[in-house]
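Some notes on the structure that comes next.
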Amino acid sequence: MNTSLLKKLTSAALLAGTILTAQAALKVGDDFPDLAGFKLDGKLPDALKGKVVIVDFWASWCGPCKESFPAMNDLQKTYADKGLVIVAVNEDEEKSDMQDFLKDNAATFTVVRDAEQKLVGVAGIQTMPSSFVLDDTGKVRFIHSGFHGAETRKEYGQQIESLLKK
């Protein structure tokens, strides 16, 4: 193999590795990125520091997302006074798709839209819905991929309670 071709292949491999690294998904123990640093459509809660936070990624076309909204509303009702904040991040390109979904699936928690999918990309979202449960310092403590009804509801409750006891 000639050295010119080898250099090109090595450069391509390094570039591919850089791209894959940049797109790596968040994992347990990582600091969750500052939501204010993204151009999210909607108003974020004033204070997230010191709170247990669920960041839930969803889309209007997602059937399990529709199922998860009542669970998120219940969590909001049960734990908001104890220090829970829920931020639902919609990834629809069209705002009207999100608004139509919310007409039929009311949210009692904060909803913002990541139309450019920059936060979605940083988080490495591949399944809808996907949620990150953050501790009071903003570290990812639990990750949920998909929504599995009563099982997921129970897990959220246990995880939130364990973090609120800290």
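The values are calculated or read from the model by the stated rules, or taken from the named source; none is laboratory data. Being a predicted model, the structure only gives us computed values, none of them experimental. In this analysis, Cβ positions are derived from the backbone assuming ideal geometry, glycine residues included, and neighbour counts consider all displayed protein chains.
Checking W61 against (1) in a helix (DSSP H, G or I); (2) farther than 24 Å from G138 by Cβ, which single condition isn't satisfied?
Condition (1) is where W61 drops out.
Which residues, taken from segment 140-166, are among the hydroxyl-bearing types (S, T, Y) and assigned to a helix (DSSP H, G or I)?
T152, Y156, S162
Is segment 70-87 home to any residue that is under 14 Å from the mean Cα position of the chain (by Cα) and over 17 Å from F147 (Cα atoms)?
Checked segment 70-87: at least one residue is under 14 Å from the mean Cα position of the chain (by Cα) and over 17 Å from F147 (Cα atoms).
If D34 meets every condition in (1) modelled with pLDDT under 95; (2) within 17 Å of Q159 (Cβ to Cβ) apart from one, which number is that one?
Just one mismatch for D34, condition (2).
Condition first: under 22 Å from D46 (Cα atoms) and either crowded, with 16+ Cβ neighbours inside 10 Å or touching a residue at least 12 places away in the same chain (Cβ under 8 Å) (or both). Can you find one or more residues in segment 148-155 that meet it?
Kept after step one, since they are under 22 Å from D46 (Cα atoms), are these residues of segment 148-155: none.
Checked against the condition, which is being under 22 Å from D46 (Cα atoms) and either crowded, with 16+ Cβ neighbours inside 10 Å or touching a residue at least 12 places away in the same chain (Cβ under 8 Å) (or both), segment 148-155 yields no hits at all.
So in segment 103-122, with the set limited to residues that are within 18 Å of L44 (Cβ to Cβ) and either more than 18 Å from the chain's Cα centre (by Cα) or of a type in the set (D, E, K, R) (or both), which one is modelled with the lowest pLDDT?
If we take residues in segment 103-122 being within 18 Å of L44 (Cβ to Cβ) and either more than 18 Å from the chain's Cα centre (by Cα) or of a type in the set (D, E, K, R) (or both), then E116 is modelled with the lowest pLDDT.
Taking only pairs six or more apart or across chains, which ones have beta-carbon atoms under 6 Å, a first residue in segment 34-53 that is farther than 16 Å from Q76 by Cβ and exposed (fewer than 13 other Cβ atoms within 10 Å of the Cβ), and a second residue that is among the charged types (D, E, K, R) and at pLDDT 90 or above?
Close Cβ pairs (under 6 Å, with a partner that is among the charged types (D, E, K, R) and at pLDDT 90 or above) amount to G50/D136.
Can you find even one residue in segment 10-26 that is surrounded by 10 or more Cβ atoms within 10 Å (Cβ to Cβ), part of a loop (DSSP other than H, G, I, E, B) and either basic (K, R) or modelled with pLDDT under 50 (or both)?
yes
If I filter segment 123-139 for residues that are buried (at least 18 other Cβ atoms within 10 Å of the Cβ), among the basic types (K, R) and not in a loop (DSSP other than H, G, I, E, B), do I get at least one hit?
no
Is it the case that some residue within segment 66-80 is touching a residue at least 40 places away in the same chain (Cβ under 8 Å) and outside any helix (DSSP H, G or I)?
Start the filter on segment 66-80 by keeping residues that are touching a residue at least 40 places away in the same chain (Cβ under 8 Å), which leaves 67-68, 71, 74-75, 78-79.
Narrowing further to those that are outside any helix (DSSP H, G or I): none.
No - not one qualifying residue is present in segment 66-80.
Looking at (1) surrounded by fewer than 16 Cβ atoms within 10 Å (Cβ to Cβ); (2) closer than 23 Å to K154 by Cβ, which one does K95 not meet, given that it meets all the others?
Every listed condition holds for K95 apart from (2).
For segment 87-119, which residues satisfy the criterion of being in contact (Cβ under 8 Å) with a residue 24 or more places away in the chain, in a helix (DSSP H, G or I) and farther than 17 Å from F69 by Cβ?
Answer for segment 87-119, where residues must be in contact (Cβ under 8 Å) with a residue 24 or more places away in the chain, in a helix (DSSP H, G or I) and farther than 17 Å from F69 by Cβ: K95, K118, L119.
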